[in-house]
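The values are calculated or read from the model by the stated rules, or taken from the named source; none is laboratory data. No experiment lies behind these values; they were computed from the predicted model shown. Backbone-built Cβ (ideal geometry, glycine too); neighbour counts: all protein chains shown.
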Amino acid sequence: MYKPLLTFLAAASIAIAALTGCSKKAEIVPGAVWTDTEGQQINAHGGGVLYHDGLYYWYGENRPQKGFTSEAGVNVYSSPDLTTWTPLGLALTVSDEPGSDIESGCIIERPKVIYNPKTGKFVMWFHLELKGQGYGPARAAVAVADRPEGPFTFVKSGRVNPGIYPENMPEEVRNSGVTIENLEWWTPRWYEAVDSGAIALRDIEGGQMARDQTVFVDDDGKAYHIYSSEDNLTLNVAELNDEYTGHTGKYVRIFPAGHNEAPAIFKHNGKYWMIASGCTGWAPNEARLMTAENIYGPWEQLPNPCVGPDAELTFKGQSNYILPVEGQPGKFIAMFDRWNPENLFDSRYVWLPIDFKEDGTPYVEWRDSWILD
Ligand code: GAL
């Protein structure tokens, strides 16, 4: 169906429901322009959704129409039903102070918020690049708030776990002096070097690089930070401390040289599932599915979980977050970003339900529109 018509129909169904007081659920139309309760286009890219006390909070990158640096911060919207979104403004605001890690003009990407019941704090993790330094710094950053809508206070940023070796790096590799210097990318010798940990070793002193990222709270309340490390070649799974505001030093490397970005994770029937993308910048590529019985691995790689038109391009999107639907065990929504590098503000959202095959493997099938029961 013609997209503007779909958008109109989605808006009309919300309006009719509001006017008639009818509880008919609004449609989710992947890729359409999504507006908030004030009629403005939703600006929450690369984000995540947190359910807290009866409301969903959607956090995402505030992106400008031109350029790609962060001049505002992280937006937050709230919703009782995942379709009507009330804008709550900036959850995290960039700083005017020259030299601040989050100085206006930095790059803030993929913010995710988790709630810590022990401290009563909301903890936001995001990928941070310092102003004027391109994508070189590759830092993980954290901010905290007393309320879900913020304001979040910036705590710190940096590379991850400086001085600490990954748990799954054998002792003999730690002292092997393996290096990728002077090796040509994707040659067998280069692959072997990355695989055995040459880039992780290069970065031990200053800490591991952290770009595309997510955070995940397990059933036992332990939280993990999962991020693209080693020049985006290898994913790390790193344990967070009890406050969720720092790393404990325990981490593993997974899929070395797998070139995975945009990790999004969920747990179902005791298994961990992760959807990730390849590394082609803003351009879409084919999604990957991974699974493990233990979050630290071993992880197994499975085929693309997407089904339907443009499945080989992740429906022209990139994985971002997997949201467990509150009160409906086994129901998950896969959130993808359909980036528009010419106008990042106008990048669209592709949210689709996750289905499961008979053997329990998840898949994501394209739908022009759908209704959340
Ligand atoms: C993508 C990444 C995005 C953003 C972009 C910049 O690969 O997933 O979050 O960093 O590159 O080019």
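Mind counting the residues in segment 268-296 that are away from the ligand (no atom under 15 Å from the Cβ) and either on the phi < 0 side of the Ramachandran plot or touching a strand residue (DSSP E or B) at 6+ places or on another chain (Cβ under 7 Å) (or both)? I'd like the intermediate steps shown before the answer.
Keep residues of segment 268-296 that are away from the ligand (no atom under 15 Å from the Cβ), which gives 268-273, 289-296.
Next, only the ones that are either on the phi < 0 side of the Ramachandran plot or touching a strand residue (DSSP E or B) at 6+ places or on another chain (Cβ under 7 Å) (or both) stay: 268, 271-273, 289-296.
Qualifying residue count for the region: 12.
Can you name the residue in segment 121-155 that is free of Cβ contacts under 8 Å to residues at least 40 places away in the same chain and assigned to a loop (DSSP other than H, G, I, E, B) and is also nearest to the ligand (Cβ to nearest atom) among such residues?
Taking segment 121-155 and keeping what is free of Cβ contacts under 8 Å to residues at least 40 places away in the same chain, we get 128-130, 132-134, 136-137, 146-147, 153.
Next cut, assigned to a loop (DSSP other than H, G, I, E, B) only: 130, 132-134, 136-137, 146-147.
On the way: 130: 14, 132: 16, 133: 14, 134: 10, 136: 13, 137: 13, 146: 28, 147: 27 Å.
By that ranking, first place goes to 134.
Return yes or no: is residue 92 at pLDDT 95 or above, assigned to a strand (DSSP E or B) and not polar (S, T, N, Q)?
Yes, satisfied.
If we keep just the residues of segment 193-218 that are in contact with a Gly (Cβ under 9 Å, 6 or more places away or on another chain) and exposed (fewer than 15 other Cβ atoms within 10 Å of the Cβ), which is farthest from residue 277 (Cα to Cα)?
Step by step, filter segment 193-218, then rank; the result is 205.
Based on what the data block shows, is residue 300 away from the ligand (no atom under 16 Å from the Cβ), more than 22 Å from residue 191 (Cβ to Cβ) and of a type in the set (Asp, Glu)?
no
Pick from segment 65-76 the residues that are closer than 25 Å to residue 132 by Cβ, touching a strand residue (DSSP E or B) at 6+ places or on another chain (Cβ under 9 Å) and at pLDDT 95 or above: which of them is surrounded by the fewest Cβ atoms within 10 Å (Cβ to Cβ)?
Applying the filter and picking the extreme gives 69.
Looking at segment 329-341, I want the residues that are closer than 15 Å to residue 272 by Cα and have a partner that is within 16 Å of the ligand (Cβ to nearest atom) and outside any loop (DSSP other than H, G, I, E, B) with Cβ atoms under 6 Å, at least 6 apart or on another chain. Which pairs are those?
332/322; 334/322
Could you grab me the full set of residues in segment 156-192 that are buried (at least 20 other Cβ atoms within 10 Å of the Cβ) and at pLDDT 95 or above?
Of everything in segment 156-192, those that are buried (at least 20 other Cβ atoms within 10 Å of the Cβ) and at pLDDT 95 or above turn out to be 157, 160, 161, 166.
Within segment 317-353, track down each residue that is closer than 17 Å to residue 264 by Cα and within 14 Å of the ligand (Cβ to nearest atom).
317, 318, 319, 320, 321, 335, 336, 337, 338, 339
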